[in-house]
1. When the chain is fully extended, how far beyond the present Cα-Cα distance does residue 290 get from residue 128, taking 0.36 nm per residue of separation?
2. Among the listed pairs 77/113; 106/154; 87/128; 27/280; 27/106; 154/280, which are separated by more than 24 Å between their Cα atoms?
3. Using a 10 Å cut-off around each Cβ, can you sort 307, 196, 361, 121 from fewest to most neighbouring Cβ atoms?
4. Can you put 132, 113 in order, fewest other beta carbons within 10 Å first?
5. For segment 175-356, what does the relative contact order come out to in percent, with C-alpha contacts under 8 Å and a separation of six or more?
6. Quick one: of the DSSP bridges fully inside segment 175-356, what percent are antiparallel, nearest 5?
7. Would you list 30, 353 from fewest to most Cβ contacts within 10 Å?
8. Once you charge only the Cβ atoms, +1 for Lys and Arg and -1 for Asp and Glu, what is the size of the charge dipole of segment 175-356 about its Cα centre, to the nearest 20 debye?
Amino acid sequence: MAALRIALVAGEASGDILGSGLMRAIKARHPDAQFIGIGGPLMEAEGMQSYFPMERLSVMGLVEVLGRLKELLARRKWLIQTLIGEKPDVFIGIDAPDFTLTIELKLRQAGIKTVHYVSPSVWAWRQKRVLKIREGCDLMLTLLPFEARFYEEKGVPVRFVGHPLADTIPLDADRQAARAELGLSDGPVVALMPGSRGGEVGRLGALFFDAAQRLLAERPNLRFVLPCASPQRRAQIEQLLVGRDLPLTLLDGRSHLALAACDAVLIASGTATLEALLYKRPMVVAYRLAPLTYWILKRMVKSPYVSLPNLLAQRLLVPELLQDAATPDALAQTLLPLLDNGAAQTAGFDAIHRTLRRDASNQAAEAVLSLIGAGPSR
């Protein structure tokens, strides 16, 4: 039997992590499998020959996308033509839906099997995209169980594979070891996580620091830790701290260490809330958007919750303070009781962690291989 040829396209670092895990799991079953497409350093280390650097696809934000749109469209057109010529056994688009869903549609029309790994947030908004997914995708692999239920209802072949973070983060993280590594004393520690993007930090940074000062007035022995997502965010945060006197440790990255070390988290809605859940740290979720953006999204979003912990629990497991409700007083008063007793939250987190811990890379590899009828290699 000829060696399997598998095409993958990842557009950012999180996709590179997923793609490399999937490639490793496929190679364990088919050691001679060949991989083509676009990937980052981790996928290249697993044997991917990337047609061009993944960074050319990594664009955040609408304005940046507009500036690069011509290049992105040209690269996508070239990729479609190249892959139709290469005729791989299967194409796997990893996340980056605005880029990969069109590739999947064109390749499927050309008779190539297609998989999409990581569902876009179609269950929350822009639900019409599910029609394009149904037309372009032989199989959707979801990281979260409620996503799989949504696709089943819409008639899209789907498999819930679990979340790789749930596989890598231990069920019971060692708080004392993390504190020792960060040089933190034994008193209570609150992690402040105002987001990884400039706009988020601009809207939430000062608000979180005001809330921290109110917490400190109630608990003078509190310490704070804040992992900065990048040097730019660190500079922005240091600027916001001018004139404030907070017992705060700034970290460069190392968000997992901050979560392992803390007792509770004040956190921006986003992927980091899933990490806080997996570390079983009680949290209060806050978010503020530009008023017009919020007004538009409020009308478009179909979901009753914004944070992943509540979407996963399908109930209000963690407090969500949004827009005008996110005041320093409200944040501090909502977080205080969690420092003494967050057991109701953490029991829910533990149950969710066990649901998501499914050995995602192996589940995904089995689903892809069974789609193309390639069982374990000899």
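Read the figures in this text as sums done on the coordinates, not as results from a lab. What you see is a predicted model, and the numbers here were worked out from it, not measured in a lab. All Cβ positions, even for glycine, are placed from backbone atoms using ideal geometry, and neighbour counts span all protein chains on display.
1. Values: separation 162, 0.36 × 162 = 58.32 nm, distance 2.50 nm.
This chain segment gains 55.8 nm when fully extended.
2. Values: 77/113 18 Å; 106/154 21 Å; 87/128 29 Å; 27/280 33 Å; 27/106 27 Å; 154/280 33 Å.
Long pairs (Cα-Cα over 24 Å): 87/128; 27/280; 27/106; 154/280.
3. Working: 307 27, 196 18, 361 23, 121 14.
Starting with the residue having the fewest Cβ neighbours, the order is 121, 196, 361, 307.
4. Values: 132 15, 113 19.
Arranged by neighbour count, lowest to highest, 132, 113 become 132, 113.
5. Numbers: 284 pairs, mean separation 44.6, N = 182.
It rounds to 25 percent for segment 175-356.
6. Numbers: 0 of 19 bridges.
That works out to approximately 0 percent antiparallel.
7. Values: 30 19, 353 22.
The order, fewest Cβ neighbours first, is 30, 353.
8. On the way: 19 positive and 15 negative charges, 101 e Å.
Result for segment 175-356 is approximately 480 debye, rounded to the nearest 20.
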